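Structure first, commentary second.
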Amino acid sequence: MLELKLDRVSKRYKRKIVVDRLEFTFQKGVYGILGENGAGKTTLLRMVAGVLKPTSGEIYCNQQEIGKMGGEYRMKLGYLPQELGYYPGFTVWRYLEYLAELKAVPPQLAADRIGRLLQAVGLAKAGKEKIKTLSGGMVRRLGIAQSLLNDPEILILDEPTSGLDPRERIRFRNMVSVLGRDRMVLLSSHIVADIEHVADQILLMEAGRVLKSGNLQEVLKLVEGKVWECMAQPGQAQNLRRDFMVSGLRNVEDGRVCLRIVSEARPMEGAIPVLPTLEDVYLYGTGGER
């Protein structure tokens, strides 16, 4: 059984602790790592990908420390970083062909795999185009394709839907759901909907630590009984926004404002408890509006 274990993993830059003594075990399935910018998501994924070495602690793949596995571990990985490196003058097809060579994909498999991946990410007609001519969203889709070239057992995706339009994001989420059936997928994002739709397990990160983990229902328990809906006049609504975490707000026809508030206690008379969403958990876990 595929297993990736974090054993008290930390990363420090001078006096700043970015990842703080994390302990967690990943197996097959889709793990959504949710947190605001600066929560430590990217640093964690770079350590799992072997790009960064932990300041302390160890990362094990099937009981072997990944730093000692060398190429054996890299062959198990597919990695899409936040910033994809590429050669602007390469065509889409040549770029994937080149990376397939680096990943030791047999030549007889590479062409077929590249064709299928370009079809899957919606770039089938762009194979002869130079990368420098692609839109940001197309480059992001190309990054997703390259991460899958070696049919990895462990797929690491850092903010993969950044720059994708809604249709592309839905296509991507559907792809990830399928991929997660027989491999480990670590998906980092600050876009709540992406995590909510595809993750089997969710890790809510804040300040380098895992604040809460579990499936969606387990994570929602963090704010169970703490989400309220109330109606207020505009002036009163302004005060509520100042004093409470407001996860939703809309104007209604009679001039009042309907607010969705995350609060330990009832925020005002007449406020009614409502079912929480992952967005409420995110707001609660990251300390409210910024």
Could you give the alpha-carbon Rg of region 21-79 over 2.2 N^0.38 Å, rounded to two decimals? 1.14
Note down, for region 102-179, the three equivalent ellipsoid semi-axes (square root of 5 times each alpha carbon gyration tensor eigenvalue), biggest first, whole angstrom. 19, 16, 11
Using packing as a proxy for protection, rank 273-282, 246-255, 16-25 so that the peptide with the highest average count of other Cβ atoms within 10 Å comes first. 273-282, 16-25, 246-255
Give me, ordered by chain and number, the residues 5 or more places off Glu206 or on other chains with an amide H under 5 Å from its own placed amide H. Leu211
Cα centre as origin, Lys/Arg/Asp/Glu Cβ charges: region 151-218 dipole, Debye: 120
The alpha-carbon center of region 189-212 and that of region 219-290 are separated, in whole Å, by 21
Hey, what did the chain get for relative contact order, percent, Cα under 8 Å, at least 6 apart? 21
Distance violations [Cα-Cα > 32 Å] among Lys14/Lys68; Lys103/Lys212; Lys41/Lys68; Lys53/Lys226: Lys103/Lys212; Lys53/Lys226
Heavy-atom accessible area per residue of the chain, all protein chains kept, 1.4 Å probe, expressed in Å², is 51
When the Cα atoms of region 94-135 are enclosed in a convex hull and the volume is divided per residue, what value in Å³ results? 73
Highest mean first, how do 207-219, 42-54 rank when packing is the count of other Cβ atoms within 10 Å averaged over residues? 42-54, 207-219
The chain: antiparallel DSSP beta bridges as a percent of all, rounded to 5: 65
Tilt relative to the chain, helix 136-147 - C-alpha long axis, 0 to 90 degrees, to 10: 60
Relative pair counts by distance (%), Cα atoms of region 171-290, 5 Å bins: 2, 11, 20, 19, 16, 13, 9, 6, 3, 1, 0
How big is the charge dipole of the chain about its Cα centre, in debye rounded to the nearest 20, if each Lys and Arg gets +1 on its Cβ and each Asp and Glu gets -1 on its Cβ? 900
Once the principal axes of the Cα atoms of region 147-231 are found, what is the range along each, listed largest first in whole angstroms? 50, 27, 25
If one compares the long axis through the Cα atoms of helix 166-179 with the longest principal axis of the Cα atoms of the chain, the angle in degrees, nearest 10, works out at 60
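Per residue, what volume in Å³ does the Cα convex hull of region 97-245 take up?
175
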Share of the chain's accessible area from carbon and sulfur, percent, 1.4 Å? 49
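Using packing as a proxy for protection, rank 66-75, 152-161 so that the peptide with the highest average count of other Cβ atoms within 10 Å comes first.
For the peptides 66-75, 152-161, the packing ranking is 152-161, 66-75.
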Equivalent ellipsoid semi-axes, the chain, via Cα gyration tensor eigenvalues times 5, rooted, Å: 39, 24, 16
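Compute the semi-axes of the equivalent ellipsoid of region 52-136, taking the square root of 5 times each eigenvalue of the Cα gyration tensor, and list them largest first in whole Å.
Semi-axes (√(5λ), whole Å): 30, 16, 11.
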Specify whether the C-alpha gyration tensor of region 1-148 places it in the rounded, prolate or oblate class, a ≥ b ≥ c being the square roots of the eigenvalues: rounded for a/c under 1.5, otherwise prolate if a/b is larger than b/c and oblate if not. prolate
Quote the charge dipole size of region 158-290 about the Cα centre in Debye, to the nearest 20; the model charges only the Cβ of Lys and Arg (+1) and of Asp and Glu (-1). 60
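The values are calculated or read from the model by the stated rules, or taken from the named source; none is laboratory data. These numbers were taken from a predicted model, which means no experiment stands behind them. Positions of Cβ are generated from backbone atoms using ideal geometry, with glycine treated the same way; all protein chains shown enter the neighbour counts. Only protein heavy atoms, including side chains, enter the accessible area calculation; ligands, DNA and RNA are left aside. Shrake-Rupley method; radii C 1.70, N 1.55, O 1.52, S 1.80 Å.
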